[in-house]
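These notes concern the structure reproduced below.
The values are calculated or read from the model by the stated rules, or taken from the named source; none is laboratory data. The model shown is predicted, which means the values in this text are computed figures rather than measured ones. Using ideal geometry, Cβ is built from the backbone for each residue, glycine included, and neighbour counts are taken over all protein chains shown. The area values use the complete protein model at the heavy-atom level, side chains included, leaving out ligands, DNA and RNA. Shrake-Rupley method; radii C 1.70, N 1.55, O 1.52, S 1.80 Å.
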Amino acid sequence: MAALYIILTASVIAISCGLLGSFLILRKMALVGDAISHAVLPGIVLAFLISGSRDNIPMLIGAAVLGVITTLIIEMLQKKAGMQEDASIGITFTWLFALGVILITSYTGQVDLDQECVLYGEIAYVPLDTFNLSNGLSLGPRALWISGSVLLLIIAFILKGYKGLVLTTFNKDYAASIGISTAFWQLAFMSLVSLTTVVSFESVGAILVVALLVAPPAAAYLLSQNLKKMLWLSTLFGILTAVGGYYLALVLDGSIAGAMATFAGVLFAGAWGWSKLTSKHSGTIPVTDKKNISTFF
Amino acid sequence: MEKLIEFISFSNPNVRFVTLGTMFIGMSAATVGCFAFLRKRALVGDAIAHAILPGIALAFMLTQSKSPWVLMGGALVAGWLAMFLIEAITKNSKLKPDTAIGLILSVFFGLGILMLTSIQHSGAGNQAGLDQFLFGKAAAITPSDLKIYIAVGLVLLALIFLFFKEFKLLSFNPDFASILGLPVKRLRFVLSSITVLAIATGIQAVGVVLMAALLITPAVAARAWTSSLKILLIIAGLFGAFSGLVGSYISFTAPQMPTGPWIVMSLSAIAIFSILFSPQRGLVAKIFRQRQNRQKILTENILKALYHLGENQKSQQNYFSKKQLLNHRKFDAAELNKGLKILAKKLWLIERETGYKLSQTGLPEAQRIVRLHRLWEMYLSERMRLKADHIHPNAETIEHIISPEIEHQLLHELDYPELDPHQKPIPY
C-alpha cells in the first residue's frame, strides 16, 4: 500500500509539473521554475513563524506569494535595470535562498525545517502523514489529496484558459492585438507554477520538482509537432518517471527523489536518441520548418 | 568591540583559515564569474555547481578516499561533462539553452543524491563529510583546504592574466576571435575549465545552491560601476573577497550563523546598492535623468506655445491665460501648472492675473526652441525632400535634443534661411 501511495503521489505531482513545464519550456522560462523552487524558502519560513504551525495552508500561501514576488523581481531587474536574463534570475533566487537559510538558522528550535529537506524532500514519508476523518477512518496520504487538488486546478485552468494561455505563449504581439492581456496570463500562470512548486516540494524536494518541470516536457517536446500531443506525452513521461524512479530507488537502495530525477534523465536521453534516429530518415529540421510552426497552434 | 579586535588581529588560527579561505574563494569565483556573466552563461555556472555532485560521489566510490584532491578531480570531470552535454543538447536538438541547463542541473543532481544515499545505505564506506559539497563548510576550513584554495586562486588569476586579451575577445566577439586565427575552441576549453575549477572550490564554501551567487553577483555589482573589463575584474574580485570577510566575521561573532548564506547576503546587498545608486547606470540616477528630461521638454514646450501665441498676435508683449495655452496645445493641466511654476522660478516668465508672457531672458530661450524646430523642418524638406506636411512630428521631438554645435552646422548648411517650409519666419 505504501508503495502505491508513493507512486500515486509522485505521478500526480509529475503530471502537474509536466503540464506546467510544457508551457514553461515553450515560454523559454524553464529556469524560472528552478528559481522559484529555491526562492520560496523564506516564504515558507516566514509563514511558519507567523502561523506557528506546520499547517499546510499558511505555508502554501506564504510560499506562493514569494514565488510570484520572485518572478516580479526578475522581470523588474530586466526591464527597469536593463539586466540580462540569466543574471537577473541568478542573483534573485540565490539571494532569497540565502535569506531563507539565515531565517531558518536564526529561529532553529521554532522552525522544524532544514535545507536538506528543502533540497531533496522525502517522498518516502508521504504515506505516514494520512488524512483522517473524525471517526479515525484513513482516507490516504494528505500529500496525495493536496497535490490531487492542485492537479485538478491546473487541468481546469488549462481547459478554461487554453486560448489565452496558448496565444500568450506563442505569439505575444498577436495576443495583445486581439485584446488578450499578456500580463494577466503571465501572472496567473506563474502563480500556478509557484503553487505547484510549493505543494510538490514539501514531499519530493526542490530538485525533483525542477527535474519534473523540465525533463518530461523536454522529452515530449522533441517527439511532438503540436501542443496537445506534447501535453499528453509529458503526462505519460511523468507517470513513467514516477514508476521507474520508484523501482530504481528500490534496486539501488537510495533516495526516491534522486532516483526519479535520474530516471527522468534516462527517459529524456531515450527521447533524444529516438528523435535523432527518426529525423535522419525524414530529413526535416522541425524548428525552421514554417509548416511545423503553424501546426503548433 | 572586543570581538572585532580579536577578529582583526587574526590571533585565532581558526579565524585566520576561515577568513583567508573564504576571501580567496570569493575572489577567484568573482573574477572567473565576470567572464561567465559577460558570455551570458550565469546559469550554466549554477548547473555545473549541481552537476559536480555525482562526480564527487563517484570519485569516492571508486577510491574510497576523501582527499580533497581526489574529490576535486571527480568534480572537475563531472563539471566538464555537464557543460559538454548542455552544449550538445542545445546544438543537436530544438531545445533552448534554458531547458538544457535545467535538465542537466536537475538530472545530474538527482543522480548525485541517488549515489550518495545508495553509498550511505549500502554501508560501503563512511561517506560523512561528502555533504560539505552540498551545503558548504566555510566555518570548518582546515590548513590543507586553505592551501588548495590559495593554489586554485593563484592558478586562476595567473591564467586570466596570461590570456586576458584572448578571453576578452572570446567574451565579446568570438566570431572575430576565430577570424583572427585564435584557437577559439582551445581557449574556450581553458576558460570553461577554470570556471569549473572555481565552482568546484566555491561550493565548499557556500554550497551548491548559492554557488551561482558567488560567480555572478559580484560581476553584476561591478558592472554598475565600470565599462572596462580590467576594472570590472578587479572590482568584482574585491567585492568577492570583501564578502568572504563579512561572512566569516558574522559567523565568528554569532557562531550559529552560517557563513555561506551571509557571504551571499553581503554580495547581494552590494549588488542591490550598486544597481540602485551607481552614478551612471544606477536606477535612481536613471529615474532622476528621466525626470529632468521630461521637465526640460515640458518647459520648452510651454515656452514654444507662448511664443506661437505671441507670434499669432504679432506681439510678444501680450499676456496669455492658461486657457489660451491649453487651447493652443494639449497640455495636461497639472503638468502645465508645474511647468509654469518652474519657468516663473527661472524668471523666464512674467506672471500677471490675466496670464503669462515671456520675460527678457525667456524670449531668447523660446526663440531658440522655435528656431531649432523650424531649422530642422527646413533641413528635412530641403535635404531629405520630405513633404511639408510630413516634417512637423519629427521636428517636434528633435528640437529638444539638438546641441549648439549641430545648430551651428544646420545654419551653415542651410545658409541662414529666413522662412521655414510653412512660410513662418525663423527667429534669430
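Computed values, structure above
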| item | result |
| --- | --- |
| Furthest towards positive pole of dipole, B:I350, B:Q295, B:S315, structure part the stretch B:285-360, Cβ charges | B:Q295 |
| For the stretch B:70-75, 3J(HN,Hα) per residue [Karplus equation, 6.51 cos²θ - 1.76 cosθ + 1.60, θ = phi - 60°, Hz, x = Gly/Pro] | 5, 4, 4, x, x, 4 |
| Surface per residue (accessible, 1.4 Å probe) for the stretch A:118-275, Å² | 42 Å² |
| Assigned charges on the beta-carbon of Lys, Arg, Asp, Glu; the protein assembly as shown dipole about Cα centre (debye) | 1700 debye |
| 1.4 Å probe accessible area per residue over the stretch B:285-360, in Å² | 66 Å² |
| Separation of alpha-carbon centers, the stretch B:397-428 and the stretch B:279-340, rounded to whole Å | 20 Å |
| Rounded FRET efficiency, nearest 0.05, which uses the C-beta distance separating A:Y174 from B:K323 and R0 of 45 Å | 0.55 |
| For the stretch B:28-56 and the stretch A:188-264, distance of Cα centres in Å | 25 Å |
| Chain B, relative contact order [Cα under 8 Å, separation at least 6], % | 18 percent |
| Among the listed pairs B:K314/B:K357; A:K163/A:K228; A:K228/B:K96; B:K40/B:K286; B:K286/B:K330, those beyond 22 Å (Cα-Cα) | B:K40/B:K286; B:K286/B:K330 |
| Loop-resident sites, the stretch B:3-43, for trypsin sites (Lys or Arg not before Pro), counting at most 13 other Cβ within 10 Å (DSSP) | none |
| Size of electric dipole in chain B: Cβ of Lys, Arg +1 and of Asp, Glu -1, about Cα centre, debye, nearest 20 | 340 debye |
| Buried accessible area, chains A and B (both chains, 1.4 Å probe, Å² to nearest 100) | 4700 Å² |
| CD proxy at 222 nm, helix term only [per DSSP H run n ≥ 4: -39500 (n - 2.57); per residue of chain B; nearest 500] | -24500 deg cm²/dmol |
| Sparsely packed trypsin sites (Lys or Arg not before Pro) within the stretch B:365-413, loop by DSSP, other Cβ within 10 Å at most 15 | B:R385, B:K387 |
| Euclidean distance between Cα centres, the stretch B:154-218 to the stretch A:156-178, Å | 41 Å |
| Cα centre as origin, Lys/Arg/Asp/Glu Cβ charges: the stretch A:20-102 dipole, Debye | 120 debye |
| With every protein chain in place, the protein assembly as shown: carbon and sulfur % of accessible area (1.4 Å) | 64 percent |
| Where chymotrypsin sites (Phe, Trp or Tyr not before Pro) fall in DSSP loop in the stretch B:181-244, at most 15 other Cβ within 10 Å | none |
| Point-to-point label distance, A:F184-B:E311, nm (Cα→Cβ direction, 7 Å offset) | 4.6 nm |
| Restraint check, B:K296/B:K338; B:K165/B:K185; A:K172/B:K94; B:K304/B:K346, Cα-Cα greater than 18 Å | A:K172/B:K94 |
